[in-house]
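**Q** Below are the structure tokens for one structure; questions will follow.
The values are calculated or read from the model by the stated rules, or taken from the named source; none is laboratory data. Note that the structure is a prediction, hence the values are computed from the model and not measured. We place every Cβ from the backbone using ideal geometry, glycine too, and count neighbours over all the protein chains shown.
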Amino acid sequence: MTKSALQIARAAYKPKVPNVLTSIVEIQEGAPTQSVANQDEVKQLFPNTYGMPLIKFVEGTNRPEYTPINVGVILSGGQAPGGHNVIAGIFDGIKNMNQDSRLYGFILGPGGLVDHNYTELTADIIDEYRNTGGFDIIGSGRTKLEETWQFDKGLEILKKLNIKALVIIGGDDSNTNACVLAEYYAQIGADVQVIGCPKTIDGDLKNEMIETSFGFDTACKVYSEVIGNIQRDCNSARKYWHFIKLMGRSASHIALECALQVQPNIAIISEEIEAKNFSLDDVVNYIADIVAQRAANGQNFGTVLIPEGLIEFIPAMKNLIAELNNYLAHHEDEFKRIKRSAQRAHIIDKLTPVNSKIYASLPETVARQLTLDRDPHGNVQVSLIETEKLLAEMVSNRLDEMAKEGKFVGKFASQVHFFGYEGRCAAPSNYDADYCYSLGYTAAGLIGAGKTGYMSSVRNTTAPAAEWIAGGVPITMMMNMECRHGKMKPVIQKALVDLNGKPFKLFAKNRESWALNTDYVYPGPIQYFGPTEVCDQPTKTLQIERSI
Ligand code: FBP
């Protein structure tokens, strides 16, 4: 395989790790824990893994004798930069315990465990993938591991390969399932430990003990670089408004982080739209007013950041989507038989008056996107909805009306962009390379200590890596009960943007000035080699959250 000069240089990079991981690790256990809410229900559902203590790794003196251990690893869900380094960390960690330990990767996500599709990850393979982006070492998938028959089927192959521990690298849902699996294997005495690792570029798997999910740092840096470039182009030509949609299926952490990095003219934060009960028209008016104000100053250009999940946070749109989900779930075949050109009118006819009116007001393309195939859970696939086009078109229409009323004097031309996939497999930043390797090495330490139902945790990451704190958090500690598909289920609480949190407050304090002045910041590309202040900075979100 031909490699770029950067790839070759990057392969030799040695991730920085907490000092404690370079020493003899001893386990320090804290007090028993409890779930964030619904303690009684969660406790009842997880009798074997509830209430376990927090674990902190500390420097020890006596190195235990480790017997060889076989470990399995699964990459679950969307790609996130650094996944290969988590696997490298696990590999090095279990080899450090005993050179005869072995690592097996299950192919294409959790489905690989159920289908007995695996490969042994040897030193040669691991070395090929150190510090690289992507999940291609074993691939990823979105099969949900939640049924007992899947757990039993998985156990057959784990037993055959003599695998004593499984590491599941995934987001909130995958780690919820990891916890259910840990509980099940403990309950049936399967003698298989299960450990989770926090992954997702969306940044919505975080809490007091998990500072950030891996991949968020790199992905946001990639998007911010490109947005910065667009801002410079836009400030040079001074003739376009750029509507930029950013990934983040529900939470707006990516949009907020990018806004803090690039200081755009407008950034919409879904959580705020929901809290203020904004309608789609309110969002359109908000943008159009800023466009008009800038035009009055002769600035017929600007940037608008739009979180991917926005549409589902607008209460009226949420109701419309819920009714559409329900209608399509029950009339899918009937709907598909209708001629494409007649589908819109058909839906308008079937919906309740309020939703019908909103649906009818949507541009043709967006109306169609809302009726496209649902995901395996019957939900609309938000990444397929071109919110950026929707808003650009609606803002343009609104400005035409304002022009007639004499409230807009200027020109409006738009460009639309969607940034998501281009950031998910980028070569991990130094932060993600170090963080991920440490998470993997820590997971190996938890396995060595015989733990199950824990998530690997590396904290204090705004300090130099040597001072990072490694350990484990019982996954049940992050859980609460939520209604999923009509049933109450124990799930890890998703972390949305906190409107009372410091990062949002800083953004809110500055946004008026960023709207009217052109205060763009141009972050430039991720730097892998060079001064630490250029190469090793964590996200703004993390820095602001952890500032005193
Ligand atoms: P995860 O939560 O699984 O990490 O994936 C997040 C994400 O990147 C979202 O931002 C996006 O909506 C989604 O994946 C896209 O999914 P797919 O890769 O299936 O198109």
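**Q** May I ask you to say which residue of Ser252, Ser213 is among the hydroxyl-bearing types (Ser, Thr, Tyr), out of contact with any Cys (no Cβ under 6 Å at 6 or more places or on another chain) and more than 10 Å from the ligand (Cβ to nearest atom)?
**A** Values: Ser213 fails: more than 10 Å from the ligand (Cβ to nearest atom).
Sole residue among the options that is among the hydroxyl-bearing types (Ser, Thr, Tyr), out of contact with any Cys (no Cβ under 6 Å at 6 or more places or on another chain) and more than 10 Å from the ligand (Cβ to nearest atom): Ser252.
**Q** When residues of the stretch 485-515 are filtered for being buried (at least 16 other Cβ atoms within 10 Å of the Cβ) and either at positive phi or over 26 Å from the mean Cα position of the chain (by Cα) (or both), how many remain?
**A** Within the stretch 485-515, residues that are buried (at least 16 other Cβ atoms within 10 Å of the Cβ) and either at positive phi or over 26 Å from the mean Cα position of the chain (by Cα) (or both) number 2.
**Q** Filter the stretch 443-470 down to residues that are of a type in the set (S, T, N, Q) and under 14 Å from Gly89 (Cβ atoms), then give me how many there are. Break it down into steps so the answer makes sense when it comes.
**A** Our first condition is that a residue be of a type in the set (S, T, N, Q); within the stretch 443-470, this holds for 452, 456-457, 460-462.
Retained after the next criterion (residues that are under 14 Å from Gly89 (Cβ atoms)): 456-457.
Qualifying residue count for the region: 2.
**Q** Go through the stretch 421-454 and give me each residue that's of a type in the set (Gly, Ala, Ser) and closer than 12 Å to Gly471 by Cβ.
**A** The answer is Ser438, Ala443, Gly445, Ala449.
**Q** Give the residues of the stretch 130-144 that are in contact with a strand residue (DSSP E or B) (Cβ under 8 Å, 6 or more places away or on another chain) and crowded, with 23+ Cβ neighbours inside 10 Å, sorted by residue number.
**A** Phe135, Ile138, Ser140
**Q** For the stretch 1-53: of the residues being among the small types (Gly, Ala, Ser) and assigned to a helix (DSSP H, G or I), which is surrounded by the fewest Cβ atoms within 10 Å (Cβ to Cβ)?
**A** Ala5
**Q** Name every residue in the stretch 121-153 that is on the phi > 0 side of the Ramachandran plot and more than 16 Å from the ligand (Cβ to nearest atom), in order of residue number. Please lay out each step first, then the result.
**A** Restricting attention to the stretch 121-153, the residues satisfying the condition of being on the phi > 0 side of the Ramachandran plot are 131, 134, 139.
Once the filter is applied, which keeps residues that are on the phi > 0 side of the Ramachandran plot and more than 16 Å from the ligand (Cβ to nearest atom), the stretch 121-153 yields only Asn131.
**Q** Right, something else. Lys16: modelled with pLDDT of 95 or more and not acidic (Asp, Glu), yes or no?
**A** When the stated conditions are applied, Lys16 passes them.
**Q** For the stretch 374-390, which residues satisfy the criterion of being farther than 26 Å from Ser414 by Cα and touching a helix residue (DSSP H, G or I) at 6+ places or on another chain (Cβ under 9 Å)?
**A** Arg374, Gly378, Asn379, Val380
**Q** Further question on the same structure: If a residue has to be assigned to a loop (DSSP other than H, G, I, E, B) and either modelled with pLDDT of 85 or more or of a type outside the set (Asp, Glu) (or both) to count, how many in the stretch 349-391 make the cut?
**A** Within the stretch 349-391, residues that are assigned to a loop (DSSP other than H, G, I, E, B) and either modelled with pLDDT of 85 or more or of a type outside the set (Asp, Glu) (or both) number 16.
**Q** Could you say whether any residue in the stretch 338-348 is touching a residue at least 60 places away in the same chain (Cβ under 8 Å), β-branched (Val, Ile, Thr) and within 30 Å of Lys276 (Cα to Cα)?
**A** Within the stretch 338-348, none of the residues are touching a residue at least 60 places away in the same chain (Cβ under 8 Å), β-branched (Val, Ile, Thr) and within 30 Å of Lys276 (Cα to Cα).
**Q** Can you name every residue in the stretch 159-179 that is surrounded by fewer than 24 Cβ atoms within 10 Å (Cβ to Cβ) and away from the ligand (no atom under 16 Å from the Cβ)?
**A** Lys159, Lys160, Leu161, Asn162, Lys164
**Q** Out of the stretch 345-361, which residues are surrounded by 18 or more Cβ atoms within 10 Å (Cβ to Cβ) and either more than 16 Å from Asn325 (Cβ to Cβ) or within 13 Å of the ligand (Cβ to nearest atom) (or both)?
**A** Across the stretch 345-361, there are no qualifying residues.
**Q** Looking only at the stretch 443-459, decide whether some residue is over 25 Å from Ile69 (Cβ atoms) and modelled with pLDDT of 95 or more.
**A** yes
**Q** Considering (1) within 12 Å of the ligand (Cβ to nearest atom); (2) not in a loop (DSSP other than H, G, I, E, B), say which one Asp202 fails and leave the rest.
**A** All conditions are met except number (2).
**Q** Can you tell me which of Leu75, Leu113, Leu108 is in contact (Cβ under 8 Å) with a residue 24 or more places away in the chain, more than 16 Å from the ligand (Cβ to nearest atom), of a type in the set (A, V, I, L, M) and within 17 Å of Gly139 (Cα to Cα)? I'd like the intermediate steps shown before the answer.
**A** On the way: Leu75 fails: more than 16 Å from the ligand (Cβ to nearest atom); Leu108 fails: more than 16 Å from the ligand (Cβ to nearest atom).
Going through Leu75, Leu113, Leu108 in turn, just one is in contact (Cβ under 8 Å) with a residue 24 or more places away in the chain, more than 16 Å from the ligand (Cβ to nearest atom), of a type in the set (A, V, I, L, M) and within 17 Å of Gly139 (Cα to Cα): Leu113.
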